[in-house]
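Rule-based calculations on the coordinates, nothing more; no lab input. Bear in mind the structure is a predicted one, so any value in this text is a computation, not a measurement. Here the Cβ is made from the backbone with ideal geometry for all residues, glycine too, and neighbour counts use every protein chain on show.
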Amino acid sequence: MTDIPLTPRPGGGVPQPITLRGGPGRGDAPDTFWRQIGGRPTFERLVRRFYEGVRTDDVLWPMYPENDLEGAIQRLTGFLEQYWGGPTAYSDERGHPRLRMRHMPFTVTPEARDRWLLHMRAAVDDLELSPLHDATLWDYLERAAHAMVNAPGA
């Protein structure tokens, strides 16, 4: 933990100390988004539901490793839970996420993005999160999906 030194505020008064926390073994913040929505079980449910839709999608399914679907499920689950304040196993095992680089071998068109979002929206809806948690998660997923587009539409 790192305590920020106290400095007087303009107009008087000394603010309360702020303690920064980060990472395992360094005093994790006890109330991360990951914990608020249920931790690993929630993220794994999200990803498994997402892949149920992907398996029926003729545009997306060819991009996924049919012979390693469980591996893909675990990688996406690990990435999402790390992003939202859970364990850092994803980066410990795979290094920096580098999402754009990892998606470059695939042709991600606006249609593929929209289909990805369609299946992810169904998965998020199945979680029945609070409106704030739903909006927070969806905002990130939508921005991430748009950032992965690397080819024009057909």
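Across region 36-53, rounded Karplus estimates of 3J(HN,Hα) from the backbone phi angles (6.51 cos²θ - 1.76 cosθ + 1.60, θ = phi - 60°) give 4, 9, x, x, 3, x, 5, 5, 5, 4, 4, 5, 5, 5, 4, 5, 4, x Hz, Gly and Pro being marked x.
On the principal axes of its alpha-carbon atoms, region 32-147 has extents of 34, 31, 25 Å, going from largest to smallest. Residues of region 47-63 falling in the label zone of Glu93, defined by backbone nitrogen less than 16 Å from a point 7 Å along Cα to beta-carbon, are 47-48. The modelled label-to-label distance for the pair Val59/His146, using points 7 Å beyond Cα in the direction of Cβ, is 1.7 nm.
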